[in-house]
Every structure is written in C-alpha cells, then in structure tokens.
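Presented below is the structure to which this report refers.
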Amino acid sequence: MIPARRNSLSHQKVFASSILYPRAVMPTILLTITSIVLLAAHTLRWGEAGMAVSLVLFATLMGTRRQWVRLAALPVLVWGLFIWSRTGIFLLHFRMAADLPWVRLAVIMTAVMSVTLLGLLGLAMGPGRRFFVRQPPHDTARAAVFILTAGLLLGIRHLSAIPLLLADRFIPGLGPLEIFALALYAVWVCGRLLEPKTQASTRRVVWLLFSVIFFAQLFLGLLGMESFLMTGKLHLPVPALILAGPLFRGEGWFMPILFGSTLLMVGPAWCSHLCYIGAWDHCMAQHNRPHPLPGWTRILRWSILVLVVLTALLLRFMQVPAPDAAMLAGMFGLIGIGIMILVSRRMGTMVHCTTFCPIGILGNYLGKLAPWRMRIASSCTRCTTCFRACRYNALDLSALSQGKPHTTCTLCGDCASACPHGALTFSAPLMRPARARQLFMIVVTTLHTLFLGVARI
C-alpha cells in the first residue's frame, strides 16, 4: 500500500505543478490579468464588445502555465501602455482646456499605467522568468503564431473598407472574437505541425478543412446568402485563372500579386498548404501507393502553361465575351477534376498538381525565391520510406543521390516526418535545420489561418 500512496502523491504533485504557479510568480500573473481586464473594460467603452470579450478570455488563459500565453501577453501589455498613455494625454488636455479638475484623473491614469508596466516588466524580467522558460518546446513558435495571426487580422480588419470577417458581417463588432478564435486555432495547428508524428496528418486535415470552408462559403453565396461572398462579384475558383484571368481582362491583378507574395514567404508550399483545389487531388492520390510519373510529363507541364497563357491573350485579342471565356475556363477546371479522379487516384501521385495545373509549375520555380528548401543528408540509408510519403513525384533514387528533391517538391514536409533516420530536413540560409523548420511552420501556419479567415470568392 505504501508504494501506491507514494505514487498517488507524486501524481498529485505533477498535477498541481501543471496548473499552479509558484508564489514568486503569482504577483506578476495577477498584475497582468488585472491589466488585461482593465484594458477590456476600456475597449468596451469604445463599443468593441468583441474585443472586450476576447481580452477577458485571454486574461483567463493567463491562469494556465503556458509559456506561449506569457509571451503573447507581452505585446498586449505594450499595446495597453500605448492606449493608456494616449487616452490619458487626451483626457488631461481636455480637462485642462476646459478648466476642469484633472489631478484625480492623472493619479488614476498613472496607477493604471503602473499596473500595466509592472506586469510587463514582471513577465519579461521578473523572478518568475526562469519558471516560465521551463516549459514544453515550441511555445515560442506558438506565441509567434498567435501574435502574428491576431495582429495581421486586426490590421486587415482596421484597414479594410468592407467587413471581411464573417463575424462582423453577421454581428457588427464581433470580429475580434473571431480573430481570437482563429489565433487559438493557429496555436493548435502550429503545435501539431511542429511534431513529426502529427505533422503529416495535421497538414492534410487543416488543408482539407480550408478547402471545405472556402467552397461552402461559395455555395452558400450562390444560394443567395451574399454575406458569404467577398463582394458579390463572382469568378470561377480555378487556380489557372490566377494567371489567365488578369491576362484575359487586362486588369484585376490582386490574385497574382497575392500569389507572388505568398511564394516569397513560403515558396512552393502554396500548393501543399494553401491551394483551395490541391487538397482534392491529395484525397484522390492517397487511395494508392505513389508511382513515378514518366519524364515527358515535365514537357507537358510547360506546354500546358504556355497554352493557357496564349489562349487567354488570344481570347482577349479576339474580344471573346466574358461568359464564353468563363465557359472555357470551367471546362479546363472540369478536366482537372477528371484527372484527379481518373489518373491521380490510380497513380497514387498528385498528377493534377504536378502535371496539369499551370500555377503549380509557377509555384515550383518562382518559389525558389523563398529561402526554404528540403535537403537530404548524407546519413540517408536509401531505405526509400520517404518515397511512400511523397505524392508530388519529387523523390526517387536520383533525388537521394543529389541530396535534394526534384523541382516538383512543394515543401509539404511529409517525407521529413516519415523518414526514420531524420535524413530529410528543412533548410534556410544561416539557419540550423530545426530553426528553419520552426520558422517555416510559423509562417505557413499564419498564412493558412489568414486564408481561412478572409479568403472567399
């Protein structure tokens, strides 16, 4: 019975240590929570109920022993200091100009700013700093993803002339709460992508989730629910039109610019993480073991790209009506779906993405402008396990000999997770493989979450 009691006591200690803070840290936590709650009350006075609720929920998270929450709280407190200082200066000037009492206000604002500043200093340099550092790995990446996702979405929301977030469209002012939920989702996704055992399955699930949400919004919009559409002006969701559409119209270069910007950040990973069609091809391909594609498919890829470009320019030159051009684009998209069902499913390789899609080849080659690469170390044993994980026709014995995948590689990372020897790694200039992989996952997770939140027709 004694060993059992000791075991029970040890479990209690582990549980308590996982949810309770040491006494040295409690003042910092209380100051931080108080600062965030005060900031929530202030935003509620602006009429931003969604922001107030989000800040209260974030303050609740501070009660957990998660280092990423502490790191994510730092910019929140910095923002709070800015808000309090700006508000205090404005109110003091107003009261002085109106010849109203202002000393009490100055004392209150100084106290609020002091609480916020003490919380900030306590998190950054206080006695609990060592305690916070002793946390599970990847929490820095989680915090970065939370900050980037929330910050960028808040910036987009502030700058956009129309409400882009669905929450704002249905209940004005609720957008920050959707942003908070998306930021938490990004934290979860990033943590899963950074773990080799869950990376491949997580990528497939969240990629398919994005595609389902994207097209569900399109169908709901077509049924008359225009809130699910970006502006109500429809275009065919065929990847080839990212390039062919502007060439035909002579305008509307938003999507090519967005695509090019994404390539600069994550390279060809646009095709394996962000494309709204590619997830379908992957679903078809995984029904069979991957088979290598013949060499002539490389020539076919370039031929299709040239054909799409020339066709778009020719249709524009001939002044073909837009509905007729859209019909041709729709037929091109249907052919691509047929290739997924008939060819990708049989070959076990994503033939649509690696051979038929003209955007895919642009991603492969223009994506070289991004710093990320997949490398095969000399420790590779040629066990060919990675061959079964790659659906992009990027790995064979010649690729292993060269120490890098072929140009069809989209940085999906499935091969790195499958390799039992750790021979396949992400790389970037002046970075260790582990750091390169971490930064890549931060960027691609942030982009995925942004697309999930605002990408719609």
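For region 383-430, a residue qualifies if it is on the phi > 0 side of the Ramachandran plot and of a type outside the set (A, V, I, L, M), and the qualifying residues are Thr384, Asn393, Gly403, Gly413, Gly422. Residue count for region 383-400 satisfying the condition of being open to solvent by less than 30 Å² (accessible area, probe 1.4 Å) and in contact (Cβ under 8 Å) with a residue 60 or more places away in the chain: 3.
Exactly one residue out of Gly413, Gly403, Gly422 is crowded, with 17+ Cβ neighbours inside 10 Å and either in contact with a helix residue (DSSP H, G or I) (Cβ under 6 Å, 6 or more places away or on another chain) or of a type outside the set (Asp, Glu) (or both): that is Gly413.
Please find, within region 152-187, the residue that is modelled with the lowest pLDDT out of those that are of a type in the set (Gly, Ala, Ser), over 18 Å from Val53 (Cβ atoms) and open to solvent by less than 50 Å² (accessible area, probe 1.4 Å). This residue is Ser160. Return yes or no: is Thr64 in a helix (DSSP H, G or I) and hydroxyl-bearing (Ser, Thr, Tyr)? No.
Every residue, every condition in (1) open to solvent by less than 10 Å² (accessible area, probe 1.4 Å); (2) touching a Leu at 6+ places or on another chain (Cβ under 7 Å); (3) not hydrophobic (A, V, I, L, M, F, W, C), yes or no:
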| residue | (1), (2), (3) |
| --- | --- |
| Val212 | no, no, no |
| Ala216 | no, no, no |
| Met230 | no, no, no |
| Met255 | no, no, no |
| Phe259 | no, no, no |
| Gly278 | yes, no, yes |
| Ala285 | yes, no, no |
| Leu293 | no, no, no |
| Ile299 | no, no, no |
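The set of residues in region 429-451 that are open to solvent by 10 Å² or more (accessible area, probe 1.4 Å), of a type in the set (A, V, I, L, M, F, W, C) and either assigned to a loop (DSSP other than H, G, I, E, B) or closer than 22 Å to Cys357 by Cα (or both) comprises Leu430, Met431, Leu447, Phe451. Do we find a residue being touching a residue at least 40 places away in the same chain (Cβ under 8 Å), more than 30 Å from Ile442 (Cβ to Cβ) and open to solvent by less than 70 Å² (accessible area, probe 1.4 Å) anywhere in region 359-382? There is no residue in region 359-382 that is touching a residue at least 40 places away in the same chain (Cβ under 8 Å), more than 30 Å from Ile442 (Cβ to Cβ) and open to solvent by less than 70 Å² (accessible area, probe 1.4 Å).
Yes/no matrix, rows are residues, columns are (1) assigned to a helix (DSSP H, G or I); (2) within 12 Å of Leu38 (Cβ to Cβ); (3) modelled with pLDDT under 90; (4) not hydroxyl-bearing (Ser, Thr, Tyr):
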| site | (1), (2), (3), (4) |
| --- | --- |
| Trp84 | yes, yes, no, yes |
| Thr87 | yes, yes, no, no |
| Arg95 | yes, no, yes, yes |
| Val107 | yes, no, no, yes |
| Met113 | yes, yes, no, yes |
| Leu117 | yes, no, no, yes |
| Leu121 | yes, no, yes, yes |
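Being open to solvent by less than 40 Å² (accessible area, probe 1.4 Å) and within 24 Å of the chain's Cα centre (by Cα) is the filter; apply it to region 218-228 and report the residue that is nearest to Ala279 (Cα to Cα). Checking each candidate, the answer is Leu218.
When the residues of region 66-75 are filtered to those that are open to solvent by 30 Å² or more (accessible area, probe 1.4 Å) and among the hydrophobic types (A, V, I, L, M, F, W, C), the one that is farthest from Leu39 (Cα to Cα) is Leu71.
For beta carbons closer than 9 Å, sequence separation of 6+ or different chains, a first residue in region 333-344 that is outside any helix (DSSP H, G or I) and a second that is at pLDDT 95 or above, there are no qualifying pairs.
Pairing each residue of region 36-64 that is within 21 Å of Leu117 (Cβ to Cβ) with any residue that is not in a helix (DSSP H, G or I), provided the two are 6+ apart or on different chains, yields C-beta distances under 8 Å for Ile36/Met62.
The single residue among Gly267, Gly260, Gly252 that is farther than 22 Å from Ala216 by Cβ, among the small types (Gly, Ala, Ser) and either in a loop (DSSP other than H, G, I, E, B) or touching a His at 6+ places or on another chain (Cβ under 8 Å) (or both) turns out to be Gly252. Of all the residues in region 61-89, those that are within 26 Å of the chain's Cα centre (by Cα) and of a type in the set (Val, Ile, Thr) number 4.
The values are calculated or read from the model by the stated rules, or taken from the named source; none is laboratory data. Since the structure is predicted, the reported quantities are computational estimates derived from the model, not experimental observations. No Cβ is skipped: glycine too gets one built from the backbone with ideal geometry, and neighbour counts run over all protein chains shown. The protein model used for the area step is the full one, side chains on, heavy atoms only, and it has no ligands, DNA or RNA in it. Shrake-Rupley method; radii C 1.70, N 1.55, O 1.52, S 1.80 Å.
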